[in-house]
Structure formats: structure tokens, C-alpha cells
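The block underneath contains the structure these notes are about, expressed in C-alpha cells.
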Amino acid sequence: MHLRPVHGSKLIGCCRLGFLLALMVVCSPLSHAQNVNSTQPATPETGGHIWPALSIGLQDAYLTQNLSPEGVLNNAWFISQYAYGVVQDRSENAEKDPERDLRRYIDLPNEEIESALSRYVSRHPQLTRQTLNTLIINIEYPVHPRRLWQLLDGENHDQITPEFTGVVQAYARRYAITRKFFPNATLVAYGMGMPDGQGRERLLEKRQLNAQILATKMGMLKDVNAIAPVLYERFSPGERAFQNADRATRQCLVNSLQIVQASHTPLDILVLMSLTVFNGNSQNTRRPADLDGIADRLSYLYKLGVKRVIFWNGGEKLNGTNITVKQRFQQLRRLQAARIEGTSAKPASPEANPPSSEPDKP
């Protein structure tokens, strides 16, 4: 079944949303944990606080902390864009020129892409070419997937241009080369299906989604196993937009399902989450995200049919803090246990809302 992109005044109505969410369970794998090297962690079976399976992935590294007691799989790796040429390692302080880099991204021969990826692999020996793990291909420059629409022509940005075709092919070539390097891995296209931080349905969001659907129909994703919509925490309690988290979650899955339905090959949906707020428009950007907000989102994702999510973190600790990733997941699991216990002890009470277990600020 293929869902056509919508060009009307409203992308998703209530009936359409219900229809698409129902299709998620029937037509899409929706984030089943696959190709993992460790035992699937046990999931609590009581209350309304069941979560998807949790994975953790760092940028160009595996986490060194053991998260098995927390039921978190250390089986994801984010490949930075510099692994594919054009964009140098940020440590090299290369000056960016968007127009020049876009042309180079399109024109770079496969041989040079393979050479760049080979150098990347040699610098990261823990990333073996026979890995069975999940590799998220994290290309955001010179064109982020959510900005593909800017390369389309016409008043409604719906006319294919040579630049759009070139970028779609450039992405596809890098995905194919990654498959050649890692034949047994689960390969994931970063950023496809990404929602607005508040789940708004403006003309901008329609253009973003329609361009990604078009790129998918043109074969951009034929060598990957999944797409990874970014559903990072964008706000904190006390900010008005924080209350729109569920709307953003629904938009994330609706967008992703439409992309999956446009694909000529089966695709999974692996939602990316964060332990930190990432949003330049939030007063709390780059601070630890609210534990209750994360827990609520995980419960909601499970109810919508998602079976696995991947948390991204830049390193071993949360941004700008001494809080380790392990400590944060310990706090999350304690919160989940408290919620389950509260539901079991007071099944008729609507107020099972334990306080956040935020640590003291370092």
C-alpha cells in the first residue's frame, strides 16, 4: 500500500491519524529489536508503563559502561558525516562552503567515498566490518534530510531539479557503500520522518515530508534497513511547548509510516531519543531532559506499537554535566518501577505521578 503525500490545508486529520496509527501495527515492523548480539532485556509486564526495548548509541563510539543491569542494549553506533568525504573531521577545523560542498557531495566519485570510509574504519577498530549491530548513518551536511525540499523547484517546491536528483543519488551511493563495508549490519538513514518539535503541521512540515517521500520513491533508501526519525527532547516542564510532546510523537510516527509506505523495499522505523534537551529555542537547551517527560514518551511510543528506540548521546556523560549515561538510565528505570508499583498499589487512582529523580547538579 502506498500513501500519497497530502497537499491540502491540513496534512493529518483525526481520521487519517487513526488510520495511519492502526496501519503501523499491521503494515510496518515498527522498531523490532533485530541483529543484536545480546539477550533481549526483560520488559515489565504490569501497569500501563511498558516501554519499548532500549538501545544506546554514541557518536563514533560504543558506550564503555555496562548497561545490562538497566536493560539497555549497547548495540548502536552513529557514523559521522566526515566518514564519507567532503566534510572533514571537526577536529581539523575545516571551513565550510555550503555551495561548494553541495557540489562536491554530489560529484564525489565512489572510489573517494570508499577511501574516506576505509580511513574512518581504520581509526575506529572497535567498529568491525562483520558487525551485526545497528549503524545510524548520520549525514546532516551539506544537506540534512529535512532540508531536501529546498532543492525542489516550483511555487510548491514539488518539481524535481538536477540538484535534488543529484543529492538523492549521492545519499543512495553512500548508503550502498556502507552496505558493502558492513554487509551484516542493520543500516539506518538518519533524520527521515523527523517531526516539528511541537508537532505543528505548517506548510514547512508538508514540504519537508513530501520531499522525503519523493526521495524515497526515487530509490534513496534501497540499501538501508530502517529510517531513524529524530524525536529528541525539545522542551522542559515550565515551558508551554512541553505539553505538545505527544503531538510531536504522533507526527513522528505518521511521517515515518508514509515514508515507509513509499519505499520499494521493507523498512523499519527506529525512533531516536535523547537524554538531553536539544533546542536553541528552549531556555533549557543542552541541559538534562526531564525524566518524567522521557518516561511518558516511552510509554506512549509503546502504546503506538513501537518495539525499540535508540537513545543518542555524544559521549559517556550527559552534555555539560558529571551525570553518566548509566546513572541516567538507572534513574529512568527506578522511575518506571515506581510508576508500575504505584499503578499496582492504587489501580483506581489517577494520580500515580512520582517526583522526578533528578540528581543534584554537579
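The values are calculated or read from the model by the stated rules, or taken from the named source; none is laboratory data. Please read all numbers here as calculations on a predicted model, not as lab measurements. Glycine also receives a Cβ, built like all others from the backbone with ideal geometry; neighbour counts cover every protein chain displayed.
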(1) modelled with pLDDT of 95 or more; (2) under 28 Å from Leu151 (Cα atoms); (3) surrounded by fewer than 16 Cβ atoms within 10 Å (Cβ to Cβ) all hold for Gly8 apart from (1)
Of those in the range 222-253 that are touching a residue at least 24 places away in the same chain (Cβ under 8 Å) and among the polar types (S, T, N, Q), the residue surrounded by the most Cβ atoms within 10 Å (Cβ to Cβ) is Gln251
In the set Val168, Val143, the lone residue that is under 24 Å from Thr265 (Cα atoms) and either touching a residue at least 60 places away in the same chain (Cβ under 8 Å) or not in a loop (DSSP other than H, G, I, E, B) (or both) is Val168
Counted residues in the range 92-113 being in contact (Cβ under 8 Å) with a residue 60 or more places away in the chain and buried (at least 16 other Cβ atoms within 10 Å of the Cβ) come to 5
On the given criteria, is Pro109 farther than 26 Å from Gly293 by Cβ and out of contact with any strand residue (DSSP E or B) (no Cβ under 8 Å at 6 or more places or on another chain)?
yes
Report yes if some residue within the range 284-306 is closer than 20 Å to Tyr190 by Cβ, among the polar types (S, T, N, Q) and crowded, with 18+ Cβ neighbours inside 10 Å; otherwise report no. no
For the range 146-165 the number of residues that are free of Cβ contacts under 8 Å to residues at least 24 places away in the same chain and among the β-branched types (Val, Ile, Thr) is 1
Checked the range 207-253 for anything farther than 15 Å from Ser274 by Cα, in a helix (DSSP H, G or I) and among the β-branched types (Val, Ile, Thr); matches are Ile213, Thr216
Picked from the range 193-213 (must be out of contact with any Leu (no Cβ under 8 Å at 6 or more places or on another chain) and polar (S, T, N, Q)), the residue nearest to Arg240 (Cα to Cα) is Gln198
Within the range 254-278, the residues that are of a type outside the set (A, V, I, L, M, F, W, C) and either buried (at least 24 other Cβ atoms within 10 Å of the Cβ) or not in a helix (DSSP H, G or I) (or both) are Asn255, Ser256, Gln258, Ser263, His264, Thr265, Pro266, Asp268, Ser274, Thr276
In the range 279-302, residues that are touching a residue at least 60 places away in the same chain (Cβ under 8 Å) and either in a strand (DSSP E or B) or among the aliphatic types (A, V, I, L, M) (or both) total 6
Filter the range 321-348 for residues that are out of contact with any Pro (no Cβ under 7 Å at 6 or more places or on another chain) and at pLDDT below 95; the one that is surrounded by the fewest Cβ atoms within 10 Å (Cβ to Cβ) is Ala348
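The rows are residues; the columns are (1) within 18 Å of the chain's Cα centre (by Cα); (2) among the charged types (D, E, K, R).
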site: Asn133; (1), (2): yes, no
site: Asn138; (1), (2): yes, no
site: Pro142; (1), (2): no, no
site: Arg147; (1), (2): yes, yes
site: Leu151; (1), (2): no, no
site: His157; (1), (2): no, no
site: Glu163; (1), (2): no, yes
site: Tyr171; (1), (2): yes, no
